[in-house]
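Colleague: Okay, handing you the structure first.
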Amino acid sequence: MTTSPVLPLEPRRARADRSADRWITVAAIAAAAGYLVLGALSALLPSEVRLGAWLPIHLALAGATLTAIAGVMPFFTAALAAAPPAPRGLRAAVILLVAGGVGLVAIGRPAGLAGLAVVGGLAAVVGLVGLFAAAFLPLRQSLATSRPFIWAAYGAAIVEVAIGISLAVADLAGERQAVADWGLLKPAHAWLNVLGFVSLVIAATLVHFLPTIAGTRIVRRRPLDVALVALAAGPALGAAGFAFAADLIVRIGALALLVGAGGLVLGVIGIVRDHGRWTTDLGWHRFTLGSLVGAVCWFVVGSLGAGVPALVYGASPTAWNLALVIGPVTIGWAAQAIVGSATHLLPAVGPGDMLAHRRLRAALGSGSELRLAALNAGAALVTVGMVTGASAVVAAGLALALAAVLGVIGLALAALRSEP
């Protein structure tokens, strides 16, 4: 009797340990939430201390958004690539450099300590170099299908914000040409950081994140491909046009920005149309989906506020009107996207077991419609107040937005501390 030879089994690929990666992501989300709160509270300071609207905008956009993206982007890229996460030391260093650098600028500029602000800006740029490495290192061991538009969008966004911050650092350092040309470099800085980095990263993340939240399949949608290309090119062209005083380039960039906003809307409509039907955690689902859809709507408003004046005036300081952009982009788009994403991510990657995550979803779903209404009403009031110059209306909008953010934080903390 003959026997068949016993063949050795192929060893299974070891499953990547993502526990540290999750904790780092949660820490970044918590730091971002802290910056959102500080940004709203800083609006209560005297105008000469907060330098007008500069400090609240810096804390909300540079602080909250940059920190959140620095923590979440590498987590998403590793998950999408089905690959081990980037080294935890690199991930932690990126968040410390970015969040700490933004904090130093927030202290140094209002205090007149230009050197401290320059150090903070340079630290943030170094952190962005680390973010590029942390986001793209997992792709070397990718087991998933290629997503070239998402990877290219993330890479372009990091390059754009590094250039945008460098322009501000040059001005803070007193570089002669930067100081002399700051009238046009300022809108270039804003286009690269806000319309380029922040908007491009959020848009690219929505390509895969929004279908997950909506309970539908992640499929390639042509309008979203167009949106990512246009949103990568538009702010870069617009910024270059401002920097080199080239009217035509500014107008081409503005047109691309508006095309990108339109493509994003069409893609989101397709995702929402295909969304699943939920039977549990209805409030939590409504808030996460509603906040991200609402954020996209506000992005369209902000894109019109930035793009239409650029189409009309070209490469002129008049083409950048902060009052038309700050409410829609800062609160409606960026802050709402952060809050909505955090509300979805915390029960998925936060501490605790499945039971704790279920309690967290239930808690974050409590009063969700009220918080969603407060966020969007806050964005609307800030927009109207900024355009009309009504400071009391701006204050009311900020108070509503802050209440919504604090509500999410309070509910999450209460649920995490509760006993099973």
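Colleague: Just how much of H189 is accessible, in Å², when a 1.4 Å probe is used and the result is rounded to the nearest 10?
Modeller: So the heavy atoms of H189 present about 40 Å² to solvent.
Colleague: Something else: Whole-Hz Karplus ³J(HN,Hα) for segment 303-313, in order, using 6.51 cos²θ - 1.76 cosθ + 1.60 and θ = phi - 60°, x for Gly and Pro?
Modeller: Whole-Hz 3J(HN,Hα) from phi for segment 303-313: 5, 5, x, 8, x, 5, x, 5, 5, 7, 9.
Colleague: Ranked from the most accessible area to the least, with a 1.4 Å probe and all protein chains present, what is the order of M354, M73?
Modeller: Details: M354 165, M73 5 Å².
Order by accessible area, largest first: M354, M73.
Colleague: Now, a different point. In segment 308-420, with Lys and Arg counted as +1 and Asp and Glu as -1 at Cβ, which of these residues, G350, S391, A310, has the Cα nearest the positive end of the dipole, that is, farthest along it?
Modeller: G350
Colleague: Follow-up. Using only Cα atoms, locate the centre of segment 160-228 and the centre of segment 85-142, then give the distance between them in Å, rounded to an integer.
Modeller: Each part's Cα centre sits 16 Å from the other's.
Colleague: How much net charge surrounds L282 when only the other residues with a Cβ under 11 Å from the Cβ of L282 are counted, with Lys and Arg +1 and Asp and Glu -1? Before the final figure, lay out the partial values.
Modeller: On the way: positive: R277, R286, R361; negative: D281, E369.
Residues close to L282 contribute a combined charge of +1.
Colleague: Now for a separate question. Report Rg(Cα)/(2.2 N^0.38 Å) for the chain, keeping two decimals.
Modeller: 1.00
Colleague: Let me ask something else about it. Largest first, how would W320, W23, W278 line up by accessible area (1.4 Å probe)?
Modeller: Working: W320 40, W23 155, W278 70 Å².
Most to least solvent-accessible, the answer reads W23, W278, W320.
Colleague: Starting from the 7 Å offset along Cα-to-Cβ, what nm value, one decimal, do you get for the label separation of L266 and A133?
Modeller: With each label placed 7 Å out from Cα toward Cβ, I get 4.1 nm.
Colleague: If you roll a 1.4 angstrom probe over the protein chains with everything in place, what fraction of the accessible area of segment 69-214 belongs to carbon and sulfur, to the nearest %?
Modeller: Details: 3740 of 5300 Å².
Of all accessible area on segment 69-214, carbon and sulfur atoms account for 71 percent.
Colleague: Can you tell me the relative contact order of segment 180-307? Whole percent, Cα pairs under 8 Å, sequence separation 6 or more.
Modeller: Numbers: 146 pairs, mean separation 37.9, N = 128.
This gives 30 percent for segment 180-307.
Colleague: Which ³J(HN,Hα) values in Hz, rounded to whole numbers, follow from the phi angles of segment 366-373 under the Karplus curve 6.51 cos²θ - 1.76 cosθ + 1.60, where θ = phi - 60° and Gly and Pro get x?
Modeller: Rounded to whole hertz, the list is 5, x, 5, 4, 5, 5, 5, 5.
Colleague: OK, next. With springs only between Cα atoms under 10 Å, which of L59, L370, L206 fluctuates most in a Gaussian network model of the chain?
Modeller: Highest fluctuation among the options: L370.
Colleague: Could you give the length gained on full extension between H208 and A114, defined as 0.36 nm per residue of separation minus the Cα-Cα distance, in nm? Present the calculation step by step, with values, prior to reporting the outcome.
Modeller: Working: separation 94, 0.36 × 94 = 33.84 nm, distance 4.06 nm.
That works out to 29.8 nm of additional length.
Colleague: Could you please report the charge total around G215, scoring K, R as +1 and D, E as -1 over all other residues with beta-carbon less than 15 angstrom from its beta-carbon?
Modeller: Values: positive: R217, R273, R277, R286, R361; negative: D274, D281.
Summing Lys and Arg as +1 and Asp and Glu as -1 gives +3.
Colleague: Quick one: helix 391-417 against the long Cα principal axis of the chain, what's the angle to the nearest 10°, folded into 0 to 90?
Modeller: Around 20 degrees separate the two axes.
Colleague: Moving to a separate point now. Using the Kirkwood formula over every pair of different C-alpha atoms, what hydrodynamic radius in Å results for segment 337-406?
Modeller: 13.3 Å
Colleague: Which percent of the accessible area of segment 299-343 is formed by carbon and sulfur heavy atoms (probe 1.4 angstrom)?
Modeller: It is 74 percent, rounded to a whole number.
Colleague: Using a 1.4 angstrom probe on the protein heavy atoms only, could you order V250, V393, V129 from most to least accessible area?
Modeller: Details: V250 0, V393 45, V129 100 Å².
Final ranking, largest accessible area leading: V129, V393, V250.
Colleague: Ok, one more. Please label the shape of segment 117-189 as rounded, prolate or oblate, based on the square roots a ≥ b ≥ c of the eigenvalues of the alpha-carbon gyration tensor (a/c under 1.5 means rounded; beyond that, a/b larger than b/c means prolate, else oblate).
Modeller: oblate
Colleague: Can I ask one more? Return the carbon/sulfur percentage of the accessible area of segment 365-406, one whole number, probe 1.4 Å, all protein chains in place.
Modeller: C and S atoms contribute 80 percent here.
Colleague: On average, how much area does the Cα convex hull of segment 296-385 cover when viewed from any direction, in nm²?
Modeller: 7.0 nm²
Colleague: Okay, moving on. Using a 1.4 Å probe, what is the accessible area per residue for the chain, in Å²?
Modeller: Details: 18290 Å² over 420 residues.
Here the residues of the chain average 44 Å² of exposed surface.
Colleague: Tell me, what is the 1.4 Å probe accessible area of R359, in Å² to the nearest 10?
Modeller: About 60 Å², rounded to the nearest 10.
Colleague: Here is a further query. Express in Å², to the nearest 10, the accessible area of L304 obtained by rolling a 1.4 Å probe over the protein heavy atoms while all chains stay in place.
Modeller: Approximately 90 Å² of L304 is accessible to the 1.4 Å probe.
Colleague: Same structure again: With θ set to phi - 60°, apply the Karplus curve 6.51 cos²θ - 1.76 cosθ + 1.60 along segment 65-77 and write out the HN-Hα couplings as whole Hz, x wherever there is a Gly or Pro.
Modeller: Karplus-based 3J(HN,Hα) across segment 65-77 equals 5, 5, 5, 4, 5, 4, x, 8, 4, x, 5, 5, 5 Hz.
The values are calculated or read from the model by the stated rules, or taken from the named source; none is laboratory data. Since the model is a prediction, treat every value here as computed from it, not as a measurement. All Cβ positions, glycine included, derive from the backbone under ideal geometry; neighbour counts span all protein chains shown. With ligands, DNA and RNA removed, areas are computed over all heavy atoms of the protein, side chains included. Shrake-Rupley method; radii C 1.70, N 1.55, O 1.52, S 1.80 Å.
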